[in-house]
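**Q** Starting off with a structure, shown below.
The values are calculated or read from the model by the stated rules, or taken from the named source; none is laboratory data. In this text, all values refer to a predicted model and were calculated from it rather than measured experimentally. For neighbour counting, all protein chains shown are included, and Cβ atoms are generated from backbone atoms with ideal geometry for every residue, glycine included. Quick note on the areas: whole protein, heavy atoms, side chains included, nothing else; ligands and nucleic acids left out. Shrake-Rupley method; radii C 1.70, N 1.55, O 1.52, S 1.80 Å.
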Amino acid sequence: MGKPTGFLEYPRVEGASRSPLDRLKDFHEFHFPLPEEQQRRQGARCMDCGVPFCQSGTMMNGMVSGCPLHNLIPEMNDFVWRGNLEQAYRRLSLTHGLPEFTSRVCPALCEAACTCSVHDGAVCTKENERQIIEYAFAHGLVSGQEPPVRTGKRIAVVGSGPAGLAAALRLNQRGHSVTVFERADRPGGLLRYGIPNMKLEKDVIDRRIRLMEASGIQFRCNVDVGRDVAGSQLLEEFDRVLLAGGASRPRDLNVPVRDAKGIYFAVDFLSQVTRTLLDSRFENPPYHLAKDKHVLVIGGGDTGNDCVGTVLRLGAASVLQLEMMPAPPSERGASNPWPEWPRVLKTDYGQQEAAAVFGADPRRYQTTVTGFFKDESGNVCSATLTALVPQSEGGRTRMVPVPGSEESVPADLVLIAAGFLGSETYVADSFSLSLDARGNLSADAETYRTANPRVFAAGDMRRGQSLVVWAIAEGQNAARAVDESLMGYTNL
């Protein structure tokens, strides 16, 4: 612990962000790092706790407390304070292969479990992590070299999202020959097409992909495993197959006039926007998708927020975001003590931007859609909303409609961000594998092995819709299991 009194001397200070109205002018990242000296002080705030919950990754009351990757956070923060970012990177890379992604998009489970957060602001571990990895890239510390020895074993990784990339990185470092299959036109999976550019610049993904290719990993895009290539073919060509294709089956709405034009699944819409931006080198944003339209976003999670921020940049006339559940409290309740994940109201960047443009938070809680209307051309033009109230039933809470609460709102564009039902069934079918009751690929939680001993599964495809940090943790753990199955032991 480099500065025993650091948490008493220095307040929490975060890097600056561009103002909401200014950042709506483009699709670029808007949060900036602190100057190095100020970032060092944030490292000094780490208390080197006797029990560092920040790195525990422990389940508490159904939610994780601390980092699932078990990053060595007190040691890492101590090196930041000392100004030794190279050693900070060495410590971070022991447990984490892709910190440039989590340091941008992770909700910072580590900070929610930080002891400093009990009475004061948590240590800025997420921003410290970003400072470390950007320093490492700038100073050539992130390796793009091939491993010195190859094992002769070949592994196919299906899916190039965070789980697939994390697994491929580790398996290649071990000396196995890795080929990553991606059904989209560019690698990155959820990172590429599920997260908007202003939250994660795609150059950050490309930078990592280039290094992975230089180290010997092969990427085969526009290949949809289960359709373009059969599972049996991969099993003939490769010693092991790791399925990391995500939970990509969106939850739909079963309401009247769902077939109207202008109703999209959120990730499909976000993908279309990102692909257009990348294809045009950001010169031709697809304004026609949302300009002057009344936008209805169904779903109050991260993806719904990303939709809000995206349509605002495309010139939406109005935005309304629906959430079925009641609004969380502004502060922790007695039933939600530290170090549990805080179930409190958070206002994300999209909602901040909507408030700056329209003067109010776009979210409406305890509300659902019960139908749509379309015009003579078949385009959606309005939606019927119904209020909901919580009702306790058998120890569980259900949200039930309020009779007579129906109202009509204009809606020229509807984005469904209601979550996902699980992995693609055709992939499982291609390998003669089954899905569990939640629609996820059945695989052992400890060994990541499916019913076929040569096929493994990881990430959202195995555990269901979750966070990027969980996908990376699953990918790294699955890589260890694959390596042990091939070699009889593992040093990953």
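**Q** Is one or more of the residues making up the stretch 25-35 part of a helix (DSSP H, G or I) and out of contact with any strand residue (DSSP E or B) (no Cβ under 7 Å at 6 or more places or on another chain)?
**A** Let us first name the residues in the stretch 25-35 that are part of a helix (DSSP H, G or I), namely none.
Within the stretch 25-35 (the criterion being part of a helix (DSSP H, G or I) and out of contact with any strand residue (DSSP E or B) (no Cβ under 7 Å at 6 or more places or on another chain)), the answer is no, since none of the residues qualifies.
**Q** Shifting gears a bit: Go through the stretch 422-440 and give me each residue that's part of a loop (DSSP other than H, G, I, E, B) and either under 26 Å from Phe372 (Cβ atoms) or open to solvent by less than 30 Å² (accessible area, probe 1.4 Å) (or both). Quick ask: steps written out before the conclusion?
**A** From the stretch 422-440, those part of a loop (DSSP other than H, G, I, E, B) are 423-424, 431-434, 436-440; that's our starting set.
Selection gives Ser423, Phe431, Leu433, Gly439, Asn440.
**Q** I would also like to ask the following. Considering only the stretch 133-145, I want to know if a residue exists there that is within 20 Å of the chain's Cα centre (by Cα) and either at pLDDT 95 or above or on the phi > 0 side of the Ramachandran plot (or both).
**A** yes
**Q** Any idea which residue in the stretch 1-16 is least open to solvent (accessible area, probe 1.4 Å), counting only those that are within 30 Å of Thr310 (Cβ to Cβ) and out of contact with any Gly (no Cβ under 6 Å at 6 or more places or on another chain)?
**A** Of the stretch 1-16, the ones within 30 Å of Thr310 (Cβ to Cβ) are 12-16.
Checking which are out of contact with any Gly (no Cβ under 6 Å at 6 or more places or on another chain) leaves us with 13-16.
On the way: Val13: 55, Glu14: 98, Gly15: 9, Ala16: 66 Å².
Per the stated criteria, the residue is Gly15.
**Q** Scan the stretch 382-392 for residues that are open to solvent by less than 60 Å² (accessible area, probe 1.4 Å), under 22 Å from Gly301 (Cβ atoms) and not hydrophobic (A, V, I, L, M, F, W, C) and report the count.
**A** Adding up the residues that qualify gives 1.
**Q** Moving to a separate point now. Can you name the residue in the stretch 290-344 that is in contact (Cβ under 8 Å) with a residue 24 or more places away in the chain and hydroxyl-bearing (Ser, Thr, Tyr) and, of all such residues, is nearest to Pro52 (Cα to Cα)?
**A** The selected residue is Thr303.
**Q** Test Ala166 against the criterion of being within 16 Å of Ala458 (Cβ to Cβ), touching a strand residue (DSSP E or B) at 6+ places or on another chain (Cβ under 9 Å) and hydrophobic (A, V, I, L, M, F, W, C), and give yes or no.
**A** On the way: within 16 Å of Ala458 (Cβ to Cβ): yes; touching a strand residue (DSSP E or B) at 6+ places or on another chain (Cβ under 9 Å): no; hydrophobic (A, V, I, L, M, F, W, C): yes.
Answer is no for this residue.
Residue-wise test of (1) under 19 Å from Asn254 (Cα atoms); (2) surrounded by 13 or more Cβ atoms within 10 Å (Cβ to Cβ); (3) modelled with pLDDT under 95.
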{"residue": "Phe372", "(1), (2), (3)": "yes, yes, no"}
{"residue": "Asp375", "(1), (2), (3)": "no, yes, no"}
{"residue": "Val380", "(1), (2), (3)": "yes, yes, no"}
{"residue": "Gly394", "(1), (2), (3)": "no, no, yes"}
{"residue": "Gly404", "(1), (2), (3)": "no, no, no"}
{"residue": "Ala411", "(1), (2), (3)": "yes, yes, no"}
{"residue": "Leu415", "(1), (2), (3)": "yes, yes, no"}
{"residue": "Phe420", "(1), (2), (3)": "yes, yes, yes"}
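**Q** Restricting to the stretch 17-61, count the residues that are more than 21 Å from the chain's Cα centre (by Cα), open to solvent by 50 Å² or more (accessible area, probe 1.4 Å) and either over 22 Å from Cys116 (Cβ atoms) or charged (D, E, K, R) (or both).
**A** Residues in the stretch 17-61 being more than 21 Å from the chain's Cα centre (by Cα), open to solvent by 50 Å² or more (accessible area, probe 1.4 Å) and either over 22 Å from Cys116 (Cβ atoms) or charged (D, E, K, R) (or both): 9 in total.
**Q** Within the stretch 130-141, can one find any residue that is open to solvent by less than 10 Å² (accessible area, probe 1.4 Å), β-branched (Val, Ile, Thr), closer than 30 Å to Phe7 by Cβ and out of contact with any Pro (no Cβ under 8 Å at 6 or more places or on another chain)?
**A** Of all residues in the stretch 130-141, those open to solvent by less than 10 Å² (accessible area, probe 1.4 Å) come to 132-133, 136.
Now restrict to residues that are β-branched (Val, Ile, Thr): 132-133.
Now narrow it down to the ones that are closer than 30 Å to Phe7 by Cβ: 132-133.
After this cut, where a residue has to be out of contact with any Pro (no Cβ under 8 Å at 6 or more places or on another chain) as well, the list is none.
The answer is no, given that none of the residues of the stretch 130-141 is open to solvent by less than 10 Å² (accessible area, probe 1.4 Å), β-branched (Val, Ile, Thr), closer than 30 Å to Phe7 by Cβ and out of contact with any Pro (no Cβ under 8 Å at 6 or more places or on another chain).
**Q** Report those strands (runs of 3 or more DSSP E) wholly inside the stretch 363-410 carrying at least 1 residues which are without any contact (Cβ under 8 Å) to a residue 12 or more places away in the chain. Show your work before the answer.
**A** Numbers: elements: 363-365, 367-374, 380-393, 396-401, 407-410.
Qualifying strands (runs of 3 or more DSSP E): 380-393, 396-401.
**Q** Give just the number: which of (1) more than 30 Å from Pro337 (Cα to Cα); (2) of a type in the set (Val, Ile, Thr); (3) buried (at least 17 other Cβ atoms within 10 Å of the Cβ) does Thr115 not satisfy?
**A** (1)
**Q** Kindly state which helices (runs of 4 or more DSSP H) lie completely within the stretch 85-135 and contain at least 3 residues that are without any contact (Cβ under 8 Å) to a residue 40 or more places away in the chain. Lay out the reasoning, then the answer.
**A** Working: elements: 85-95, 99-105, 109-112.
Because the criterion is at least 3 residues that are without any contact (Cβ under 8 Å) to a residue 40 or more places away in the chain, the helices (runs of 4 or more DSSP H) in the stretch 85-135 that meet it are 85-95.
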